[in-house]
Amino acid sequence: MNISHYIALSGILFAIGAVGFLVRRNVLVALMSIEIMLNAVNLALVGFNRAMPTNLIEADERERDIHYSSRTRMNTDACMKLRKAKMALRKLLASGTKLHAFSPAIMEASLKAARELHSEVAATNANFKKVLDSLTAYSTNSYQWFQVAEIGYDNFMARHLQS
């Protein structure tokens, strides 16, 4: 039995006991109604006990299941948003919209503004400064890889797709 079955039956029994206690004026019926309510609580406790993991391995498995299902849901939502964005872009292109890259002046201004903002936040937030320094070091070290592998591959694929 699933825990929801235990809880549903427990709720029904508790409601019957509460109605019997409130409606009837006979002492014997009131005591039986209280007993039904106590049995309902006992049944709920049994249901919760059965739903609890019995050992650490089972608890770890349940935690992984919960973590995996939330990650899967998050990834599915992200994929759906990306798919909608791609479909919207296709509609724009089909209707004759022209796509243009940002000019170098706009890119330089954006980079300058971002660096200024990062410097302002890093001056007031030590954690942000720590992350920013780490990211800057990583970007500096990985620049050569991107020059050789990523940019070359992107250029190759762009030329290949245009032909």
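The table below lists the values:
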| quantity | calculated |
| --- | --- |
| Positions within segment 47-56 being surrounded by 14 or more Cβ atoms within 10 Å (Cβ to Cβ) and aliphatic (A, V, I, L, M), in sequence order | none |
| Matching option when the condition is at pLDDT 75 or above, within 26 Å of SER10 (Cα to Cα), part of a helix (DSSP H, G or I) and not polar (S, T, N, Q), among MET80, MET37 | MET37 |
| Tabulated pairs, segment 55-83, first free of Cβ contacts under 8 Å to residues at least 40 places away in the same chain, second of a type outside the set (Val, Ile, Thr), C-beta under 6 angstrom, 6+ apart or interchain | ALA59/PRO53; ARG62/PRO53 |
| Pair list, Cβ under 7 Å, 6 or more apart: segment 6-17 residue farther than 22 Å from MET52 by Cα and free of Cβ contacts under 8 Å to residues at least 24 places away in the same chain, other residue small (Gly, Ala, Ser) and surrounded by 15 or more Cβ atoms within 10 Å (Cβ to Cβ) | GLY17/SER33; GLY17/ALA40 |
| Residue match in segment 104-115 (condition: in contact with a Phe, Trp or Tyr (Cβ under 8 Å, 6 or more places away or on another chain) and in a helix (DSSP H, G or I)) | yes |
| Scope segment 1-26; condition part of a helix (DSSP H, G or I), loosely packed, with under 12 Cβ neighbours inside 10 Å and at pLDDT below 90; matching residues | SER4, HIS5 |
| Criterion (surrounded by 12 or more Cβ atoms within 10 Å (Cβ to Cβ) and more than 30 Å from SER139 (Cβ to Cβ)) met by exactly one of ALA88, ALA94, ALA44 | ALA44 |
| Hey, ARG71 under 29 Å from SER10 (Cα atoms) and at pLDDT below 85 or not | no |
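The values are calculated or read from the model by the stated rules, or taken from the named source; none is laboratory data. Bear in mind that the values here come from a model prediction, so they are computed numbers and not experimental data. Because the Cβ atoms are built from the backbone with ideal geometry, glycine has one as well, and the counts that use them run over all protein chains shown.
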